[in-house]
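Colleague: The structure that follows is given in the form of structure tokens.
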Amino acid sequence: MKDQKEQAKKVADEVADRSREIWLAGLGLFSAIEEQGSKLFNEFRERGEDFVKEGEKIEKKGIEYGKEIKDGLEQRFEETRTFVEDKVSQAMDAMGFNGGGRKADVEDLTAKVDHLTKTVEELTKQLKKEKKTATKKKSTRKKS
């Protein structure tokens, strides 16, 4: 029996030793994961910061490029507007609208046309009223 007790104690001691080794290995693993996790976390944070910085650089370049395009378009628009104004002015000069009272003649004719249009509208209204009145008189004569 003594052998069995000794053997049982020996097995129990070995199990205890193995358990302690497993427990220590678990602690070591936990410690390594914590250490590596912190390193990975810091590395990922730094990469994120770098990524944001790169994004800001790209955004800035995009804004600058957009401003250059906008400025170029504004300049081309102004050049085109000036060109068209010059050509229109030259054409008006060639037709005599910019000198010799032609412009005043055109304005005078425009005013006369506006006056005639207004007069025609008034006469049209008056004719419609007279037509209604005549229609009413015919209706009342037929009824009598």
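The values are calculated or read from the model by the stated rules, or taken from the named source; none is laboratory data. Note that the structure is predicted; figures quoted are calculated from it, not measured. Neighbour counts run over all protein chains shown; Cβ positions are idealised from the backbone, glycine included.
Colleague: I need the full set of residues from region 29-69 which are over 22 Å from the mean Cα position of the chain (by Cα) and of a type in the set (Lys, Arg), in order please.
Modeller: Answer for region 29-69, where residues must be over 22 Å from the mean Cα position of the chain (by Cα) and of a type in the set (Lys, Arg): 39, 45, 47, 53.
Colleague: With in a helix (DSSP H, G or I) and at pLDDT below 85 as the only criterion, which of 108, 93, 114 stands out?
Modeller: Details: 108 fails: at pLDDT below 85; 114 fails: at pLDDT below 85.
Result of the check over 108, 93, 114: 93.
Colleague: Scan region 78-87 and tell me whether some residue there is over 36 Å from the mean Cα position of the chain (by Cα) and without any contact (Cβ under 8 Å) to a residue 12 or more places away in the chain. Before you say what the answer is, go through the steps one by one.
Modeller: Residues of region 78-87 that are over 36 Å from the mean Cα position of the chain (by Cα), as a first pass: 87.
Keeping just the survivors that are without any contact (Cβ under 8 Å) to a residue 12 or more places away in the chain gives 87.
The answer is yes; a qualifying residue exists.
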